[in-house]
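All remarks here apply to the structure that follows.
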Amino acid sequence: YQGGDAYYITNARCSIGFAVNGGFVTAGHCGSQGAATQNPSGTFAGSSFPGNDYAWVRSSATITGTVNNYSGGSVAVRGSQDAAVGSSICRSGSTTGWHCGTIQARNSTVNYSQGSVYGLIRTSVCAEPGDSGGSAITGNQAQGVTSGGSGNCSSGGTTYFQPVNEILSAYGLTLK
Ligand code: TYR
């Protein structure tokens with residue numbers, strides 16, 4: 001397994017964000033603490049949504065520190081230095097694969113039906129249901145995990161990402 005690949009929570013599907021020591025990070029709206037995942041098998045060890053949209057899943061499956069580019073290859077993750085507004089950003093997810101766009105803003109608030117989420121990265125990348133939790137990366141630097149947005153990958157969209165460094169510091173995790 002690697003970033004952008006599917007995982008399952010009962011009958012729902014989300015996407016792996018990034019491998020960390022002990023498992024992987026993903027979106028908080030994908031599961032509450034204690035929820036079990038299948039393929040890869042794991043347990044939500046921490047989850048925060050709304051307010052934030054982050055979680056980490058403890059898993060002993062082999063998850064590599066790479067992101068699936070959905071063209072038969074992968075991108076090695078070398079760190080998580082925040083990219084500037086205006087930078088290119090690419091996203092990997094299990095519904096629509098790999099799509100790229102631009103970072104438009106940081107520290108954005110999104111009002112979901114369940115409540116508001118603060119501090120998100122706004123981008124011009126498209127996403128669709130099931131891409132949630134998946135990896136967003138600029139070059140080889142991890143940026144965030146897919147939260148939500150509007151539009152789709154046929155006509156284009158706006159997608160918001162939960163910054164990955166906030167997840168790492170919240171739970172004391174390190175990227176693989
Ligand atoms: N929030 C969606 C999920 O749970 C992912 C998504 C992202 C959906 C952007 C639509 C959208 O425009 O899978």
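Give the value in nm², to one decimal: projected area of the alpha carbon convex hull of the chain, averaged over all directions. All intermediate terms of the calculation are to be shown ahead of the outcome.
Numbers: hull surface 34.3 nm².
Across all orientations, the chain yields a mean hull projection of 8.6 nm².
Using 0.36 nm per residue, how much length does the chain from ASN39 to TYR112 gain when fully extended, once their Cα-Cα distance is taken away?
23.5 nm
Heavy atoms only, probe 1.4 angstrom, no DNA, RNA or ligands counted: give me ILE89, ILE9 ranked by accessible area, highest first. Please list the in-between numbers first.
Working: ILE89 0, ILE9 25 Å².
The ordering from most to least exposed comes out as ILE9, ILE89.
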Among 10-20, 148-158, how do they line up from the highest to the lowest mean number of other beta-carbon atoms within 10 Å? 10-20, 148-158
Computed over the Cα atoms of region 9-59, the Rg and Dmax in Å are 9.5, 28
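According to the square roots a ≥ b ≥ c of the eigenvalues of the Cα gyration tensor, what is the shape class of region 42-98, taking rounded for a/c under 1.5, prolate for a/b larger than b/c otherwise, and oblate for the remainder?
Working: a/c = 1.75, a/b = 1.18, b/c = 1.48.
It comes out oblate by the Cα gyration axes.
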Region 1-88, Rg to Rh (Cα coordinates; Rh as Kirkwood inverse mean 1/r): 0.98
Note down the accessible area of GLU166, probe 1.4 Å, to the nearest 10 Å². 70 Å²
Estimated dipole of the chain in Debye, rounded to 20 [Cβ of Lys and Arg +1, of Asp and Glu -1, Cα centre]: 140 debye
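What accessible area per residue comes out for region 31-70, rounded to a whole number of Å², with a 1.4 Å probe?
Numbers: 1700 Å² over 40 residues.
Result: 43 Å² per residue.
The values are calculated or read from the model by the stated rules, or taken from the named source; none is laboratory data. Quantities reported herein were computed from a predicted structural model and do not represent experimental measurements. As a convention, Cβ positions derive from the backbone with ideal geometry for all residues, glycine included, and neighbour counts pool all protein chains shown. Surface areas here come from the heavy atoms of the whole protein model, side chains and all, with no ligands, DNA or RNA. Shrake-Rupley method; radii C 1.70, N 1.55, O 1.52, S 1.80 Å.
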